[in-house]
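**Student:** The structure's right below; bear with me while I get my questions together.
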Amino acid sequence: MNANASTVSALSPEYVRRISPYVPGKPIEELAREYGLVESQIVKLASNENPRGPSPKVRAAIAAAAAGVTRYPDGNGFALKQALAARFGVGLDQIVLGNGSNDILELATQAFLRPGDDTVYAQHAFAVYPLATQARGARGIEVRARDLGHDLAAMRAALTPQTRIVFIANPNNPTGTWLPPAEVQAFVASIPAGVLVVLDEAYNEYLQADEQADSASWIAAHPNLLVSRTFSKAYGLAGLRVGYGIADAGVADMLNRVRQPFNVNSIAQAAALAALADEAYVAESARLNSEGLVQLMTGLDAIGVAYLPSHGNFLMVRVADAGKGAAPVYEALLRSGVIVRPVANYGLPDWIRVTVGLPEENARFLSALGAVLGR
Ligand SMILES: *Cc1c(COP(=O)(O)O)cnc(C)c1O
């Protein structure tokens, strides 16, 4: 950094300079480059992507949309919003499209937080909540987890007069913990009308039907509720970046004011529309995920490795004891061509998170882990 550049970076607000950036899963290309491995032999189970990829209908929609990229996308995302509004029984003006649901989380903080405000979220909850809070100069209040999951009563009790947003991840990433819909609904009802509840349901499609909350229907009674969902996980579109928020029209309006005019690109809009319609593909992805979770749990039982039962498409696996740390196991797995996710930055130093892959990928992970641990 030269002298002028460091002078400029010092102009950045202190709360921006304190941000420690999000650490993504290691890309396959990077591991191949760094460890001299062949890309086709690397298994990436690090970012909770759908191992089947998008459905054939979605691939066709993507190919068809490619011809239109010379035009700006529809900045209002009319067709996709219309489909979502019909699906959830809400008005078009209650939908906000995002560049991934991460964008929805960011937009909520942009629209509602001032420096000095508070947000509340759980210990071990999704890393974007503290990041988005910090980027606005607000203060994050992290509420101690109970059995590694959200303690809703403690979160309610942690609200201060400065609290503007409460984040709930259901299921949560990275822990895979889940709250019954009735408990979440009662929690939303207990929150003051002047505090926005952001209910992040990125893994909703992986839940069994009787575990899924009809959370959009709560908005009429609770206009301070924002539900966020994504096409990145069960729909298999992580690379295209498209998610959405469902909220009261007044809340959605504020998010729409601060978003970029063309925040969701045209191929993503076309793909998401096709993905939403292909319900059979999502159902099959969820079914295969349940089988994959059983495969992983059975395999871990067989080698005597502990895990936390999960409601998502991933599993937290305990690979070290007493704070010794998972890093050596993570590194050894990398050397054998298996990418998982370290979660020390979530306050879980002895664990790794593994995404449910295809059956042969799960088997690769299990045999590599067994070899690394000498089981
Ligand atoms: C993956 C994830 C998201 C956001 O993913 P996008 O790709 O930005 O839609 C949001 N919340 C949780 C809990 C996640 O795990």
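**Student:** To the nearest Å, what is the center-to-center distance of segment 216-282 and segment 107-144, using C-alpha atoms only?
**Tutor:** Using only Cα atoms, the two centres lie 21 Å from each other.
**Student:** Note down the nm distance, to one decimal, between modelled labels 7 Å out along Cα→Cβ at Glu30 and at Ser12.
**Tutor:** Spacing of the two 7 Å Cα→Cβ label points: 1.8 nm.
**Student:** Calculate the FRET efficiency for Ala283 and Arg146 from the Cβ-Cβ distance with a Förster distance of 30 Å, rounded to the nearest 0.05. Mind dumping the intermediate values first?
**Tutor:** Numbers: r = 32 Å, r/R0 = 1.07.
Efficiency, from the Cβ-Cβ distance: 0.40.
**Student:** Search the structure for amide H atoms under 5 Å from the amide H of Val197, placed 1.01 Å from N in the peptide plane, and list their residues when 5 or more places away or on another chain.
**Tutor:** For Val197, whose amide H was placed from the backbone, the distant partners under 5 Å are Val166, Leu225, Leu226.
**Student:** Expected output is a single nm value to one decimal: the length gained when fully extending between Ser190 and Lys57, i.e. 0.36 nm times separation in residues minus the C-alpha distance. What is it? Intermediate values should be presented prior to the final figure.
**Tutor:** Numbers: separation 133, 0.36 × 133 = 47.88 nm, distance 4.25 nm.
Answer, rounded to one decimal: 43.6 nm.
**Student:** May I ask for log10 I(q)/I(0) of segment 235-375 at q = 0.19 Å⁻¹, from a Debye sum over the Cα atoms as equal point scatterers with solvent left out?
**Tutor:** Per q value, in the given order, log10 I(q)/I(0) is -1.07.
**Student:** Need one number: nm distance between label points at Ala363 and Ala67, each 7 Å from Cα along Cα→Cβ, rounded to one decimal.
**Tutor:** 4.2 nm
**Student:** Compute the Cα gyration tensor for segment 208-289, then decide on rounded, prolate or oblate, letting a ≥ b ≥ c be the square roots of its eigenvalues: rounded whenever a/c is under 1.5, prolate when a/b is larger than b/c in the other cases, and oblate in all that remain. Don't skip to the end; give the middle numbers.
**Tutor:** Numbers: a/c = 2.79, a/b = 1.20, b/c = 2.33.
It comes out oblate by the Cα gyration axes.
**Student:** Rounded to whole Å and ordered largest first, report the semi-axes of the equivalent ellipsoid of the chain derived from its Cα gyration tensor (root of 5λ). Provide the component values of the computation, followed by the final result.
**Tutor:** On the way: eigenvalues 196, 132, 106 Å².
Equivalent-ellipsoid dimensions as semi-axes: 31, 26, 23 Å.
**Student:** Output wanted: per-residue J couplings in Hz (rounded whole) for segment 219-232, from phi through Karplus 6.51 cos²θ - 1.76 cosθ + 1.60, θ = phi - 60°, x for Gly and Pro.
**Tutor:** 5, 4, 7, 10, x, 9, 9, 10, 9, 10, 9, 9, 9, 7
**Student:** Sticking with this one: Summarise the accessible area of segment 56-277 (1.4 Å probe, protein heavy atoms) by the percent that is carbon and sulfur. Mind dumping the intermediate values first?
**Tutor:** On the way: 4550 of 8670 Å².
In segment 56-277, the share of accessible area belonging to carbon and sulfur is 52 percent.
**Student:** Cα to Cα, under 16 Å, and not fewer than 8 places away if on the same chain: which aspartates and glutamates meet these conditions relative to Lys324?
**Tutor:** Within the straight-line limit of under 16 Å, Lys324 reaches these aspartates and glutamates: Asp350.
**Student:** Accessible area per residue for the chain in Å², computed with a 1.4 Å probe and the full protein assembly in place, what is it?
**Tutor:** On the way: 16340 Å² over 375 residues.
About 44 Å² of surface per residue is accessible.
**Student:** Which listed residue (Asn99, Thr177, Ala145) has the Cα farthest towards the positive end of the charge dipole for segment 56-277, taking +1 on Lys and Arg C-beta and -1 on Asp and Glu C-beta about the Cα centre?
**Tutor:** Positive-end residue among those listed: Asn99.
**Student:** Considering amide H positions built from the backbone, and no H for Pro or chain starts, which residues 5 or more places from Thr163, or on another chain, come under 5 Å of its amide H?
**Tutor:** Distant-sequence amide H within range of Thr163: Asp118.
**Student:** Express the carbon and sulfur contribution to the solvent-accessible surface of segment 302-352 as a percent, rounded to the nearest whole number, probe 1.4 angstrom.
**Tutor:** Values: 1150 of 1940 Å².
Roughly 59 percent, rounded to a whole number.
**Student:** Pull up the cross-link candidates among the lysines for Lys233, meaning alpha carbon to alpha carbon under 23 Å and not fewer than 8 places away within one chain.
**Tutor:** In chain and number order, the partners are Lys26, Lys44, Lys57, Lys81.
The values are calculated or read from the model by the stated rules, or taken from the named source; none is laboratory data. Computed from a prediction, not measured in an experiment: that's the story for all the values here. Counting neighbours? That spans all protein chains shown, and the Cβs are built from the backbone with ideal geometry, glycine included. Quick note on the areas: whole protein, heavy atoms, side chains included, nothing else; ligands and nucleic acids left out. Shrake-Rupley method; radii C 1.70, N 1.55, O 1.52, S 1.80 Å.
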